1. Residues of segment 1-57 being at pLDDT 75 or above, in contact with a helix residue (DSSP H, G or I) (Cβ under 8 Å, 6 or more places away or on another chain) and surrounded by fewer than 21 Cβ atoms within 10 Å (Cβ to Cβ), which ones?
2. Being touching a residue at least 40 places away in the same chain (Cβ under 8 Å), part of a helix (DSSP H, G or I) and polar (S, T, N, Q): is that true of SER452 here?
3. Do you know which residues across segment 336-383 are crowded, with 19+ Cβ neighbours inside 10 Å, not hydroxyl-bearing (Ser, Thr, Tyr) and not in a loop (DSSP other than H, G, I, E, B)?
4. So, LEU345, is that one in contact with a strand residue (DSSP E or B) (Cβ under 7 Å, 6 or more places away or on another chain) and either outside the structural domain of ALA262 (by TED's automatic domain parsing) or free of Cβ contacts under 8 Å to residues at least 24 places away in the same chain (or both) or not?
5. Exactly one of these conditions fails for ASP223: (1) under 24 Å from SER299 (Cβ atoms); (2) in contact (Cβ under 8 Å) with a residue 40 or more places away in the chain. Give me its number.
6. Would you please name the residue that is surrounded by the most Cβ atoms within 10 Å (Cβ to Cβ), looking only at residues in segment 384-422 that are among the aromatic types (Phe, Trp, Tyr) and part of a strand (DSSP E or B)?
7. For segment 489-538, enumerate the residues that are in contact (Cβ under 8 Å) with a residue 60 or more places away in the chain, within 30 Å of LEU357 (Cβ to Cβ) and assigned to a loop (DSSP other than H, G, I, E, B).
8. Return only the number of the condition from (1) more than 24 Å from ARG456 (Cβ to Cβ); (2) in a strand (DSSP E or B) that ALA481 does not satisfy.
Amino acid sequence: MRIPSGAVERGARMPSTLIIRGGTVYDGTGAPGRSADVAVEGDRILGVGSIPDSEGAMVLDAAGCAVAPGFINVLSHAYLALQQDPRGLSDLYQGVTTEVFGEGVSLGPVAGRMLESVPVGKVEADGTRLGWPRLADFLGDLSSAGVAPNIASFVGSHNLRMLGAGNDNRPLTRAELDAAAALLDEELSDGALGVGSALIYPPESYSSTEELIALTRVLSRHDALYISHIRSEGDRLVEGIEEILRIGREAGTRVEVYHLKAAGRDNWHKMALAIDLIDAARASGQPVTADVYPYEAGSTSLGAVIPPPFHAGGQGRLLERLRDRGVREEMKTAIRRPSVEWENLYLAAGGPEQVLLLSNAADGSLTAGLTLAQAAARAGADDPLDLLLDLVEGDPEMMAAYFIGHQDNIRMALRRPWVSICSDSESVPAEPPFTDLPVHPRAYGSFARILSRYVREEGLLSVEEAVRRMTSLPADTLRLAGRGRIAPGAYADLVVFDPETVHDHATYERPHQYATGVRHVVVNGIAALRDGTPTGALPGRALRRGQG
């Protein structure tokens with residue numbers, strides 16, 4: 001039902017199922033806040049204004065608080081954690097109501113040669129599944145099982161490449177490209193958001209620009225998005241930005257840069273150049289956006305330090321190479337040597353002192369919370385790279401944080417109106433056994449940190465602009481119809497937070513700490529967080545591009 005807002009302002013009676021009363025409403029458009037109540041009927045916003053009581057309606061007190069659309073996490077890696085605990089608490093406590101997956105890898109489609117390394121239908125020991133025949137199957141199964149946030153996903157370019165070439169370091173054949181494009185077309189018709197790539201990781205790093213253009217031409221037929229962890233955020237940052245802009249122009253599609261940054265002290269000055277390139281493209285009419293997380297350190301596997309050629313053939317072949325002493329020496333030499341052919345995170349971080357290990361070694365050695373330099377000294381390793389390769393051999397998925405960014409560059413990005421917010425992380429509860437997981441503090445703090453540090457403490461953004469960056473901007477970019485705004489008829493994804501107290505508490509040393517200051521979170525008209533406490537409700541849905 002759509003009720004004219006004027007009727008609501010006059011106090012017209014309406015059959016609400018939920019009323020958020022007495023807050024300052026920031027509608028997601030960037031307009032200043034205004035004192036108003038919000039009425040919800042079922043899963044939709046019924047009206048905004050002076051709302052009378054409605055018999056049987058749940059009333060959420062918002063006095064002294066901001067009322068905003070639910071926050072949209074543009075880059076989430078919660079696709080496994082939500083299978084284990086569907087509440088998504090580290091994000092829920094920050095007001096996130098929608099998780100978006102698909103940076104490089106997606107849990108569907110899994111077909112062709114990808115089946116060599118990813119089982120379809122198998123339930124792992126931890127209760128997760130790693131692959132579905134189609135992306136829509138994964139999203140449908142997860143939402144049907146019950147999940148607190150809404151979920152949506154890009155198709156991973158990893159999946160599309162693996163379809164024909166597997167982990168081989170070679171170009172796709174014309175037939176393989178055609179098959180990947182046809183499958184992508186089907187997934188887009190089923191509501192996928194577009195294609196997500198991560199071009200620093202094998203086997204996606206084996207893709208040429210021309211190959212990516214050929215695949216992403218399909219997107220223009222669906223008004224879908226190409227979003228990318230670009231090929232370089234460091235020594236070739238400018239070239240990486242130029243590549244994604246070229247892909248957008250030649251494929252005729254909209255593009256977004258994942259977690260925009262300049263990686264490495266020697267490259268920090270390039271952030272201004274990258275932003276100037278995007279500003280110029282936008283001024284020419286090209287649709288380009290970006291997102292950021294508000295931390296200096298990035299995080300990925302420790303194995304990402306090893307150059308891509310050593311990953312050719314997949315994880316099994318990498319482990320074989322790690323067991324060969326001669327090949328190990330080649331790896332160490334390559335890691336120490338600057339190269340424009342791959343993203344050298346070890347050098348970008350400035351060496352072992354700026355690489356923080358996030359978990360313990362596979363043999364039980366206590367390495368979590370130590371820098372690689374500290375762990376090497378404790379282990380008696382003369383060369384920290386020897387320990388690094390030992391750790392990867394023991395656990396190829398071991399995670400690390402790389403201190404590669406700078407706060408001034410984060411601020412520079414946040415000043416641009418086309419930059420939204422992401423966590424680039426899991427969404428987990430601060431409860432055992434999840435507290436044993438190696439996570440970056442961004443999992444618990446990204447959205448709260450924007451509101452506390454950059455809005456309240458620094459005044460870099462107004463409340464209304466910060467809300468817009470986390471709501472209507474990503475909703476419009478992702479084509480999530482009916483989301484990201486407080487307006488009659490929109491979906492009732494809502495967050496109530498105290499602008500004076502909202503705060504992140506997670507640190508690199510103690511990451512498993514919830515943010516505070518969010519009072520209520522409503523997803524599709526149902527309270528998932530009430531008075532600062534999770535309700536256990538699982539009202540999330542699988543969202544499709546362009547459909548409410």
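1. Across segment 1-57, the qualifying residues are THR29, GLY30, ALA31, PRO32, GLY33, SER50.
2. Numbers: touching a residue at least 40 places away in the same chain (Cβ under 8 Å): yes; part of a helix (DSSP H, G or I): yes; polar (S, T, N, Q): yes.
In short, yes.
3. The answer is LEU345, LEU347, ALA348, ALA349, PRO352, GLN354, VAL355, LEU356, LEU357, LEU372, ALA375, ALA376.
4. On the way: in contact with a strand residue (DSSP E or B) (Cβ under 7 Å, 6 or more places away or on another chain): yes; either outside the structural domain of ALA262 (by TED's automatic domain parsing) or free of Cβ contacts under 8 Å to residues at least 24 places away in the same chain (or both): yes.
Here the answer is yes, as LEU345 does meet what is asked.
5. (1)
6. Residues of segment 384-422 that are among the aromatic types (Phe, Trp, Tyr), as a first pass: 402-403, 418.
After this cut, where a residue has to be part of a strand (DSSP E or B) as well, the list is 402-403.
Details: TYR402: 23, PHE403: 21.
The qualifying residue surrounded by the most Cβ atoms within 10 Å (Cβ to Cβ) is TYR402.
7. ASP504, HIS505, ALA506, THR507, TYR508, GLU509, PRO511, HIS512, GLN513, TYR514, ALA515
8. (2)
The values are calculated or read from the model by the stated rules, or taken from the named source; none is laboratory data. The structure displayed is predicted, hence computed values, not measured ones. Note that we place each Cβ from the backbone using ideal geometry, even for glycine, and neighbour counts take in every protein chain shown.
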